[in-house]
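All remarks here apply to the structure that follows.
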Amino acid sequence: MEGNETRGPADSACPQGFALTMTRLTPFIRLFLLIGLFLLGIFGCNKRVTNGDLPVTPEDGEKSRIPAFGSDQTFEIATWNIQNFPKAGENTLKLLAEIIQSLNIDVYAVQEIQDTVAFRQLLQRLPDYEGIYSADTYSSWYQKTGVIYKKQLVTLADKKQLYWNDRFSFPRPPLQVYVTADFGTVDFDFYLIVLHLKAFSGAENEDRRRSAVQKLKKYVEDQIAAGADPDFILAGDWNDELTDEDLHNVFLPFLNNPEQFIFLTLPLAKNGEVSYYVGNYRSLIDHILITTSIQQAYPNIETQIIKLDQLLSNFYQDVSDHRPVAARIPIVQ
């Protein structure tokens, strides 16, 4: 049976057929043998049973190498391209579940969900989390976006996808949800838009990303002007760098409006930090953008690229060529 191991009589590890004549032994020897058989029954027959539906608990050594990013006083959000999930099948499911639990982040905005069955299996291994994924599909290899979130803290509402019919700007329609994080004494509410913009270099691909950025800026501004919650977080794989020269910088509509928008990843980009690496290529293309209303309400936001590849030797092979990029927002004072 898949996911379970059972042992029948034919292959039992327990001793069978002991043909000892107990009556011929002295009382002391009989007592000694009975105790021995009792202990053998406890320890010799205690076979481990595995069940693929049970949550995966990290080994102590593994967990100690993945320090928690989250805390009870902060709200954490990470964007993470989980590369053709599941990149290495069962190995990916196991390691990714361990990472998500150990990091203790409240919301993960994820990209490149290739296998939705495997995604649901991942959630089964995460007892503290639930998740959703986008509804768009074009082929069996199409990569979806999604959200993984702590179910005791976070609720999602108003799930929808934007720009369904604009394949030029958005080959993968952005996924929007309204997030409420309940800290008991205070709630943190905001719109989350999960992105995975057009990949690769070249003038046309750059133009497609530039068009996407322009439309996203206008969309957020129009929503706020119409009375929506002014708190927005746009997180995802933007497939471009914030520090490009102006001629090629697709992010200028946001960067030139610091009164309304803040890229939390901009200081990291200026410091030469890296979120994506293939061969000798290194770049920071995974970003978190917030509206300034969030910064004003919750100052001292910390942003970090979590370098799991430096903690786990098989991270690149089994999980992703992207590092998670996470922000920690102080909510409880």
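Data overview
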| read-out | value |
| --- | --- |
| Qualifying positions in region 267-321 - closer than 23 Å to residue 234 by Cβ and of a type in the set (Val, Ile, Thr) | 274, 285, 288, 290, 291, 292, 294, 301, 303, 305, 306 |
| Verdict on residue 109 being out of contact with any helix residue (DSSP H, G or I) (no Cβ under 7 Å at 6 or more places or on another chain), of a type in the set (Gly, Ala, Ser), assigned by TED's automatic domain parsing to the domain that holds residue 182 and surrounded by fewer than 14 Cβ atoms within 10 Å (Cβ to Cβ) | no |
| Test: residue in region 150-158 that is closer than 25 Å to residue 285 by Cα and surrounded by fewer than 20 Cβ atoms within 10 Å (Cβ to Cβ) | no |
| Check on residue 288, surrounded by 13 or more Cβ atoms within 10 Å (Cβ to Cβ) and more than 17 Å from residue 197 (Cβ to Cβ) | no |
| Qualifying residue in region 203-223 (condition: out of contact with any Phe, Trp or Tyr (no Cβ under 9 Å at 6 or more places or on another chain), without any contact (Cβ under 8 Å) to a residue 12 or more places away in the chain and not in a helix (DSSP H, G or I)) | no |
| Residues of region 287-310 classified as hydrophobic (A, V, I, L, M, F, W, C) and touching a Lys or Arg at 6+ places or on another chain (Cβ under 8 Å), total | 4 |
| Checklist (1) touching a Ser or Thr at 6+ places or on another chain (Cβ under 9 Å); (2) buried (at least 17 other Cβ atoms within 10 Å of the Cβ) applied to residue 187, failing item | (2) |
| Leading residue by the ranking (surrounded by the most Cβ atoms within 10 Å (Cβ to Cβ)) among those in region 222-253 that are under 24 Å from residue 188 (Cβ atoms) and over 26 Å from the mean Cα position of the chain (by Cα) | 224 |
| Filter result for residue 105 (in contact with a Phe, Trp or Tyr (Cβ under 7 Å, 6 or more places away or on another chain) and within 28 Å of residue 68 (Cβ to Cβ)) | yes |
| Per-region count, region 110-128, residues of a type in the set (Lys, Arg) and in a loop (DSSP other than H, G, I, E, B) | 1 |
| Members of region 254-286 that are touching a residue at least 40 places away in the same chain (Cβ under 8 Å) and more than 26 Å from residue 332 (Cβ to Cβ) | 254, 257, 274, 275, 276, 277, 278, 283, 284, 285, 286 |
| Test: residue in region 126-134 that is surrounded by fewer than 24 Cβ atoms within 10 Å (Cβ to Cβ), more than 22 Å from residue 178 (Cα to Cα), among the hydroxyl-bearing types (Ser, Thr, Tyr) and assigned by TED's automatic domain parsing to the domain that holds residue 311 | no |
| Subset of region 280-307 [under 19 Å from residue 80 (Cα atoms) and out of contact with any strand residue (DSSP E or B) (no Cβ under 9 Å at 6 or more places or on another chain)] | 281, 307 |
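The values are calculated or read from the model by the stated rules, or taken from the named source; none is laboratory data. Because the structure is a prediction, the values reported are computed rather than measured. Because the Cβ atoms are built from the backbone with ideal geometry, glycine has one as well, and the counts that use them run over all protein chains shown.
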